[in-house]
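Accompanying notes for the structure given below.
What follows is calculated from the coordinates using simple rules that are stated; it is not laboratory data. For clarity, every value in this text was computed on a predicted model and none was experimentally measured. A quick note on method: Cβ atoms are made from the backbone with ideal geometry, for glycine too, and the neighbour counts reach across all protein chains shown.
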Amino acid sequence: MNRIARLLSLVAPILLLMFAVTPSALAHAHPKIMKPAPESTGPSPDSISITFSEGVEPKFSSIRLTDGDGKSADTEVSRPAPNDPTTLILPVRKLGPGTYTVHWSNVAVDGHRLEGSYKFTVK
């Protein structure tokens, strides 16, 4: 029994350290706040913004907008929000009624890349 107790006393701290380090090693910049919200319906927005769970690299991160036919609906380029490395903004012209898809991609400051999309509807 003494051998098992010694082995556990050696292995337990290593396992605890592994579990403590793993979440930060797997970190990615996930969308937290999206405006307009996914699946929302409302008037044409002035801009599209996405706030991520951590800072993103502006050179390698972007927001694009397409209409219901898959054609580009953005006329500007997305940019980081002033003084906020976690938020990207895409100014948009007045959008006509229809369903639009927001396409986003980012590279977090730790180098991890993510991408995704969501839809919203303009009345």
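Take the Cα of residue 110, step 7 Å toward its Cβ, do the same at residue 93, and the gap between the two points is 4.1 nm.
Looking at 85, 106, 65, which one has the Cα that reaches farthest to the positive end of the dipole of segment 28-122 (charges on Cβ: Lys, Arg +1; Asp, Glu -1)? Toward the positive end, the furthest listed residue is 65. Under 5 Å between amide hydrogens, built in the peptide plane, is the criterion, and for residue 92 it picks out 47, 48 among residues at least 5 positions away or on other chains. Protection proxy ranking for 61-73, 34-46, using the average of other Cβ atoms within 10 Å per residue and placing the highest first: 61-73, 34-46. For a modelled paramagnetic label at residue 75, 7 Å from Cα along Cα-to-Cβ, no residue of segment 34-69 is in reach, as no backbone nitrogen comes under 11 Å. A simple rule links phi to the HN-Hα coupling: the Karplus curve 6.51 cos²θ - 1.76 cosθ + 1.60 with θ = phi - 60°, which for segment 106-113 gives 8, 10, 5, 4, 8, x, 6, 10 Hz, with x for Gly and Pro. In this model, which of 59/119; 94/123; 32/71; 32/123; 32/119 are farther than 21 Å apart at the alpha-carbon? Too far apart for the 21 Å limit: 59/119; 32/71; 32/123. Here the label points at residue 46 and residue 59, each 7 Å from Cα along the C-beta direction, are separated by 3.1 nm in the simple model.
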